[in-house]
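A quick write-up on the structure given underneath.
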Amino acid sequence: MDFAKVILKPKKEESLQRFHPWVFSGAIQKIAGSPKEGDIVDVYTCNGEYCATGHYQIGSIAVRIFTFEKTEPGKSFWTEKLRQAYEMRRAIGLAESGDTDAYRLIHGEGDFMPGLVIDIYNKTAVMQAHSVGMHNIRQELAEGLIEVFGGKLENVYYKSESTLPFKANIDTEDGYLIGKDDKNYIATENGLKFQADWLKGQKTGFFIDQRENRALLEKYAKGRSVLNMFCYTGGFSFYALRGGAKEVHSVDSSAKAIELTKKNVELNFADCKNHEAYAVDAFKYLDDMQDRYDLIILDPPAFAKHRDVLRNALQGYKKLNAKAFEKIKPGGILFTFSCSQAVSKEQFRLAVFSAAAISGRNVKILHQLTQPADHPVSIYHPEGEYLKGLVLYVE
Ligand code: SAH
């Protein structure tokens, strides 16, 4: 089959030769054929040499590359990619592990499948397409998953109503591509239980990307008064409780999140007496609270969803962290995060350092955190590193 040809301007193939997976619209000289959003296109240099193949889309990123070898991607091509991703998760001890059954199987560019996210919750896979190209092959992907997992997977839920590009105007409905509802399923992470609500929850139902950072927090929790700010489903809270925290307070502006947090704490620690959860705005809570906490977690939503709001986002991180530095007890530990892809590691650090300077306190960096191994970063696509965290000791 002949795909439309995207022909690049002179020298614009250089980033593709370094295996970077995006072609920007400004790099295109002309297009031979008339591809629709989501169609497969081949990319060529202006001298007619083949470079790569990817999904075409309308926008600043015009092609999202999934292979640098001339192929005709069909079902077996996609299934092989899923298999490679599964093999990696098995090799690092996540798939088929005894005490964790929630992990990310496909992390977009990090797994050379740009525009696609797949999270596994034991027997259910939750799939999110961020591109029309991936949306178009959703059924093939679902069947490929069942094949790769060989009986260990029963359901594939498709959840892309809110992730497909708005301008593409795709009328899609969330629902099961294969299997049936298992929404009351209790997932396990490092032996702790939680309810994954992929039907109504944010993202695919749980923030899997904080797994290792939660495990680190558990080690510091003993005897401390913990504030879990932006708690969502309460992940950090139940780890802190298992770690022996004196008390844990969970805060989120969403009442639904507070309900989920309470449920998850109850699942792990029935009749827990030292946990409270509050549906309040973060800034208000930090302004009103006493200086009772000696372990604070700040894991806000992405303040910068686009580059054009970067300045405001950095101000937001500075303001938020300044409040924590002001109130945290001497000898306290602050876990602070940013999940905005548009904010670099250096920019985030600078915002946190400025906040520390305002407080005038002595602050030491104990750990520099990032996303876990099931959210891999392609070495050719450093933009894929989106989660940044610092663990700070505040004297
Ligand atoms: N730490 C969580 C993930 C946080 S997601 C985990 O480990 O799973 C970000 C959360 O911030 C969402 O639940 C959202 O409801 C909450 N949020 C957004 N704006 C807020 C605000 N101004 N005050 C308090 N919570 C807020």
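Numbers at a glance
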{"item": "Surface/4 of the Cα convex hull for region 4-67, nm²", "result": "3.5"}
{"item": "Partner lysines for LYS9 [C-alpha distance under 17 Å; skip if fewer than 8 residues away on the same chain]", "result": "LYS30"}
{"item": "Reachable lysines from LYS364, criterion Cα separation under 16 angstrom, eight or more residues apart if same chain", "result": "LYS329"}
{"item": "Within region 80-175, trypsin sites (Lys or Arg not before Pro) in DSSP loop having at most 14 other beta-carbon neighbours inside 10 Å", "result": "LYS152"}
{"item": "Scattering curve values for the chain, log₁₀ I(q)/I(0), Debye with Cα scatterers, q = 0.08, 0.14 Å⁻¹", "result": "-0.46, -1.24"}
{"item": "At 0.890 mPa s and 25 °C, Stokes D of region 87-181 from Kirkwood alpha-carbon radius, µm² per second", "result": "179"}
{"item": "Of LYS12/LYS159; LYS222/LYS263; LYS319/LYS388, pairs whose Cα-Cα distance is over 24 Å", "result": "LYS12/LYS159"}
{"item": "Order by protection proxy (mean Cβ within 10 Å, highest first), peptides 8-19, 286-297", "result": "286-297, 8-19"}
{"item": "Total formal charge among the other residues, if their Cβ is under 9 angstrom from that of PHE230, Lys/Arg +1 and Asp/Glu -1", "result": "-2"}
{"item": "Förster radius 30 Å - calculated FRET efficiency between ARG361 and ALA255 (Cβ-Cβ, nearest 0.05)", "result": "0.30"}
{"item": "Modelled FRET efficiency - R0 25 Å, ASP99 with GLU161, Cβ distances, 0.05 increments", "result": "0.15"}
{"item": "Efficiency of FRET from Cβ geometry, GLU395 and GLN17, R₀ 45 Å, rounded to 0.05", "result": "0.35"}
{"item": "Relative contact order, percent, the chain [alpha-carbon distance under 8 Å, six or more residues apart]", "result": "11"}
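Any read-out appearing in this document is the output of simple, stated calculations on the displayed coordinates, not a laboratory observation. Remember, predicted model here, so these are calculated numbers, not experimental data. Note that each Cβ is placed from the backbone with ideal geometry, even for glycine, and that neighbours are counted across all protein chains shown.
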